[in-house]
1. Look at VAL46 and say whether it is within 24 Å of PRO141 (Cα to Cα) and either surrounded by fewer than 18 Cβ atoms within 10 Å (Cβ to Cβ) or out of contact with any Cys (no Cβ under 6 Å at 6 or more places or on another chain) (or both).
2. If I filter segment 81-88 for residues that are among the acidic types (Asp, Glu), within 11 Å of the chain's Cα centre (by Cα) and within 19 Å of GLY13 (Cβ to Cβ), do I get at least one hit?
3. If you check PRO123, PRO99, which single one turns out to be over 18 Å from VAL12 (Cβ atoms), surrounded by fewer than 19 Cβ atoms within 10 Å (Cβ to Cβ) and either out of contact with any strand residue (DSSP E or B) (no Cβ under 9 Å at 6 or more places or on another chain) or of a type in the set (Lys, Arg) (or both)?
4. Sort out which residues of segment 115-165 are among the charged types (D, E, K, R) and either within 14 Å of the chain's Cα centre (by Cα) or modelled with pLDDT under 95 (or both), and write them in order of number.
5. Pick from segment 44-77 the residues that are in a helix (DSSP H, G or I) and of a type in the set (A, V, I, L, M, F, W, C): which of them is farthest from PRO108 (Cα to Cα)?
6. Listed residues THR104, THR115; which is in contact with a strand residue (DSSP E or B) (Cβ under 7 Å, 6 or more places away or on another chain) and either crowded, with 20+ Cβ neighbours inside 10 Å or in contact (Cβ under 8 Å) with a residue 24 or more places away in the chain (or both)?
7. When both residues are 6+ apart or on different chains and their Cβ atoms are under 8 Å apart, which pairs have a first residue that lies in segment 72-86 and is among the acidic types (Asp, Glu), and a second that is not in a strand (DSSP E or B)?
8. Pairs needed: first member in segment 136-148, touching a residue at least 24 places away in the same chain (Cβ under 8 Å); second member anywhere, crowded, with 17+ Cβ neighbours inside 10 Å and basic (Lys, Arg); C-beta distance under 7 Å; at least 6 residues apart or different chains.
Amino acid sequence: MTAPREHPRQVVGVGALLLRPDGKVLIGHRIKQGEAASWCLPGGHVEPGETFEQAALREIAEETGIRAVTDARAFTVALRTDVEITHVTAGVVAETTNPQDQPTLLEPEVFDRWTWASPQSPPEPLFPATAALLHAWTNTPTPQGWNCYPIGALPDPATVPQNTR
């Protein structure tokens, strides 16, 4: 019999696809020390007692200052399978109620700028979880090392503006 293996901690996170009416999503240039620079959706760890939607709204507000957000709903769960620590990231889509809202750099040690981009052609390189979530949203093949599981009701493609999916 083999000795029980010690398991590293698990990471449960959330990534927020904050949509404007024109279908663009908010994405930030991540410059966190110790990591390669990449483009990343607003997001972070899910705190104890939070739903995925609550975590997404909190992270959007903490990282960007944008609070005029509505219709937050989880649409996928992404599981990273190519690392020692289990990473589970929920994708939450939400809409800004004020398309004129501009993000503020509230965490300059993590992000040096924000931009609105097409989910089909975001700036690169992408943070790994962001890549998985954007691929799930645009219904394109998921990056190697990730599995995405749709949850909830995805919008009917016939009712979503052409440039959002």
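1. Working: within 24 Å of PRO141 (Cα to Cα): no; either surrounded by fewer than 18 Cβ atoms within 10 Å (Cβ to Cβ) or out of contact with any Cys (no Cβ under 6 Å at 6 or more places or on another chain) (or both): yes.
When the stated conditions are applied, VAL46 does not pass them.
2. no
3. Only one candidate qualifies: PRO99.
4. ASP156, ARG165
5. Among residues in segment 44-77 that are in a helix (DSSP H, G or I) and of a type in the set (A, V, I, L, M, F, W, C), the one farthest from PRO108 (Cα to Cα) is PHE52.
6. Matching residue, one of THR104, THR115: THR115.
7. Going by the 8 Å Cβ cut-off, the qualifying pairs are ASP82/GLN144; ASP82/GLY145; GLU84/PRO8.
8. GLY145/ARG80; TRP146/ARG80
The values are calculated or read from the model by the stated rules, or taken from the named source; none is laboratory data. Values in this document were obtained by computation on a predicted structure and should not be read as measured data. Glycine gets a Cβ as well: all are built from the backbone with ideal geometry, and neighbour counts include every protein chain shown.
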